[in-house]
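The block underneath contains the structure these notes are about, expressed in structure tokens.
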Amino acid sequence: MKSNDSFSMFMLVLSLVLASIMAQANDETPYVLHAGIYPPFVQMDNNGSTDVIVQKIFKASGVTVEVVHFPLKRLGTHSLGRAKNLGIYAPISLGLAYAKKEDLLISKPFQMGRFLFWYFKPNFRENIEWSQFSDLKGYRIATPLGSLLTPKLIEAGLEVDFANDTDAHIRKLVMNRADLSPLFYLTAHNSIMKYYPNKLQDFGHLKKPIAFTEYSLILNKGHHQAEDIMRHYHIGLDKIIKNGSYLQWLEELYGKGGIPREYQDLIFKKLNYNPDINYQ
């Protein structure tokens, strides 16, 4: 009898230990997200401004997330519309270009980018007002390979030249091989400070933006982890908003008083967050 009792106790303890090990293993299994390569937003070293805020969000939620970076033009076709992949963090417009909205889970946005036409003042002295792309006929436009904007510029009859990366865009402007280049504000500023820090004041951008892009978590609905990671995302985002680290990150990114005004309508209102700050 005692032997049976001992055996039962042993099996009970063993089952508890195995359950604990399995639970620990499951807790430590990272979620795998995909991202592009588009400095300074997303970078291969995972230190881009978008990479950092995503890490802050999930750290606040207490989960581990592994990020795999792909060239931007491969990101949509490789990572979306396939249930075997969890999803990406990227501009919402990119997600909707490669998958149907009803097949995706899209989070509240966490970052905003201003997409602008940049120019080099010594080579470009005109103050252009434009309302549609066809107003820019006669100007040479340097666009990135694989850009979703490029077909629209070609359709409008503009002269388009391709550049392999952001740095090539900036060099084309300086070397007078292009008149305008569509770039995100932070992307252009990052490249200028890297290659032409003494000429920062020689660069400018047209006043009218091309677009305002919202960055979100974009997941494939069919993936078994999608709803769970989305819940963790919104928990973490809520925490960093309430503890002030979200606003601190924005001030580090743009400088105090330099946060773009569009954050108020495109990001803060959707987060039920109304910080008392001065905008650019």
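The values are calculated or read from the model by the stated rules, or taken from the named source; none is laboratory data. Not measured: the values here are computed from a predicted model. With ideal geometry, Cβ positions are generated from the backbone for all residues, glycine too; neighbour counts draw on all protein chains shown.
Kindly indicate whether Ala60 is aliphatic (A, V, I, L, M) and part of a loop (DSSP other than H, G, I, E, B).
no
Tally up the residues in region 172-185 that are under 24 Å from the mean Cα position of the chain (by Cα) and either crowded, with 20+ Cβ neighbours inside 10 Å or free of Cβ contacts under 8 Å to residues at least 40 places away in the same chain (or both), please.
The total comes to 5.
Whether any residue in region 98-108 is surrounded by fewer than 16 Cβ atoms within 10 Å (Cβ to Cβ), at positive phi, free of Cβ contacts under 8 Å to residues at least 40 places away in the same chain and outside any helix (DSSP H, G or I) is what I want to check.
Checked region 98-108: no residue is surrounded by fewer than 16 Cβ atoms within 10 Å (Cβ to Cβ), at positive phi, free of Cβ contacts under 8 Å to residues at least 40 places away in the same chain and outside any helix (DSSP H, G or I).
Would it be correct to say that Thr64 is crowded, with 22+ Cβ neighbours inside 10 Å, modelled with pLDDT under 95, of a type in the set (Val, Ile, Thr) and out of contact with any Ser or Thr (no Cβ under 6 Å at 6 or more places or on another chain)?
no
Report, by residue number, each residue of region 141-165 that is farther than 18 Å from Ile37 by Cβ, out of contact with any strand residue (DSSP E or B) (no Cβ under 9 Å at 6 or more places or on another chain) and part of a loop (DSSP other than H, G, I, E, B).
Ala156, Gly157
In region 120-140, which residues are touching a residue at least 12 places away in the same chain (Cβ under 8 Å), under 18 Å from Phe203 (Cβ atoms), of a type outside the set (Phe, Trp, Tyr) and outside any helix (DSSP H, G or I)?
Ile128, Arg140
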